[in-house]
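Working notes for the structure below.
The values are calculated or read from the model by the stated rules, or taken from the named source; none is laboratory data. The model shown is predicted, which means the values in this text are computed figures rather than measured ones. Cβ atoms come from the backbone with ideal geometry, glycine included; neighbour counts cover every protein chain shown.
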Amino acid sequence: MPILQAKNLTLGYNEQPILRNLSFEVRSGSVFIIMGGSGCGKSTLLKAFLGLVKPLSGDVFFKNTNFTQASALQQQAILRRCGVLYQSGALWSTMTLLENVALPLQLHTRLKAPVIRDLAAFKLSLVGLAGFEDYYPASISGGMRKRAGIARAMALDPEILFLDEPSAGLDPMSSRRLDDLLMELQKHLGTTLVIVTHDLHSLLDIGQDSIFLDPLTQSILAQGAPRDLLAHSQDARIRKFLSRSV
Ligand SMILES: Nc1ncnc2c1ncn2[C@@H]1O[C@H](COP(=O)(O)OP(=O)(O)O)[C@@H](O)[C@H]1O
Ligand SMILES: [Mg+2]
């Protein structure tokens, strides 16, 4: 069963479409990659899933619920089940890593402070940051900051984790470690991952399904497992995009 579905989704700003009539579904528990060059509308699509951009037409479904047509209250309830790592990946610089991860738990649960501390520390250990609870974001590496951002996004045990350009700004080694971490999370926690990228690194390995967005036609140029697209796509643009990463 799909956990997330776009149905005839047209997105844009000021009534000007940038993506038209997109229809696709994300299977529950899968790793779904949204690919395409800079400016084609990947972040916009992600924002539409999060209710931050209102579709010009069409709908987003979470399971059987029409998210686009839902009330603000229903949307909030659905978003509680989603985690997000934004492109900027910003952590609160004046808070320690533990405090950053604890914040969503403080805001959205009634758990007591010691339980929240334990949970936050556990999430940090899941992303390989045990022992760094009291560090501030400025004193750790870019790769560690991304992982802390993932721990924060995972604080409320989301069913879906959205990641916008998670490996942007990371060296190839840190990027590879991040991909490994995402695979682990997906495998052990069953979290559905929706990952936006213009730069594949090793995502070919982890993506089970994908769409490739094309700014010229404002539509989906190709759809399928990235590996299959690389092996079989007749389209030179797709092969070029995918072969950069291997
Ligand atoms: N808030 C906005 N208002 C108007 N245009 C925007 C806004 N955000 C993005 N755009 C435009 O929409 C297009 C897609 O942007 P974006 O979704 O950020 O692309 P990507 O993430 O693929 O690089 C770009 O041409 C961008 O300039
Ligand atoms: Mg973007």
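With respect to being within 13 Å of ligand 1 (Cβ to nearest atom) and either within 21 Å of ARG147 (Cα to Cα) or surrounded by fewer than 18 Cβ atoms within 10 Å (Cβ to Cβ) (or both), LEU73 falls outside the description.
Residues of the range 146-174 that are under 21 Å from TYR135 (Cβ atoms) and hydroxyl-bearing (Ser, Thr, Tyr): SER174 alone. Taken as a whole, the range 76-87 holds no residue that is within 16 Å of ligand 2 (Cβ to nearest atom), in contact with a Lys or Arg (Cβ under 6 Å, 6 or more places away or on another chain) and either without any contact (Cβ under 8 Å) to a residue 24 or more places away in the chain or closer than 26 Å to ARG227 by Cα (or both). GLN223 fulfils the conditions (1) in contact with a Phe, Trp or Tyr (Cβ under 7 Å, 6 or more places away or on another chain); (2) modelled with pLDDT under 90 except for a single criterion, (2). When the helices (runs of 4 or more DSSP H) confined to the range 61-137 are screened for residues that are within 26 Å of ALA168 (Cα to Cα), those reaching at least 3 such residues are found at 97-108, 113-126. Of the residues making up the range 197-211, those that are crowded, with 21+ Cβ neighbours inside 10 Å and at pLDDT 90 or above number 2. Could you go through the range 171-185 and let me know if any residue there is in a loop (DSSP other than H, G, I, E, B), of a type outside the set (D, E, K, R), under 26 Å from GLY51 (Cα atoms) and touching a residue at least 12 places away in the same chain (Cβ under 8 Å). No, the conditions are met nowhere in the range 171-185. Screening the candidates LYS54, LYS47, LYS42 for the property of being in contact (Cβ under 8 Å) with a residue 60 or more places away in the chain, under 23 Å from ARG80 (Cα atoms) and either within 16 Å of ligand 1 (Cβ to nearest atom) or surrounded by fewer than 18 Cβ atoms within 10 Å (Cβ to Cβ) (or both) yields one hit, LYS42.
Residues in the range 15-52 that are in a helix (DSSP H, G or I) and within 9 Å of ligand 2 (Cβ to nearest atom) were compared, and the one that is nearest to SER219 (Cα to Cα) is LYS42. When the range 1-14 is filtered for residues that are more than 16 Å from ligand 2 (Cβ to nearest atom) and not basic (Lys, Arg), the ones remaining, listed by number, are MET1, PRO2, ILE3, LEU4, GLN5, ALA6, ASN8, LEU9, THR10, ASN14. Quick test for you: out of ASN8, ASN64, ASN21, ASN14, pick the one residue that is exposed (fewer than 14 other Cβ atoms within 10 Å of the Cβ), touching a strand residue (DSSP E or B) at 6+ places or on another chain (Cβ under 9 Å) and in the same structural domain as HIS188 (by TED's automatic domain parsing). Checking each option against the conditions leaves just ASN8. Being surrounded by fewer than 16 Cβ atoms within 10 Å (Cβ to Cβ), away from ligand 1 (no atom under 16 Å from the Cβ), charged (D, E, K, R) and outside the structural domain of GLY29 (by TED's automatic domain parsing) is a condition met by at least one residue of the range 93-110. Any chance the range 173-186 includes a residue that's in the same structural domain as ASN8 (by TED's automatic domain parsing), within 16 Å of ligand 2 (Cβ to nearest atom) and at pLDDT 85 or above? The answer is no, given that none of the residues of the range 173-186 is in the same structural domain as ASN8 (by TED's automatic domain parsing), within 16 Å of ligand 2 (Cβ to nearest atom) and at pLDDT 85 or above.
Screening PHE162 with (1) at pLDDT 95 or above; (2) surrounded by 21 or more Cβ atoms within 10 Å (Cβ to Cβ); (3) away from ligand 2 (no atom under 16 Å from the Cβ) gives one miss only, at (3).
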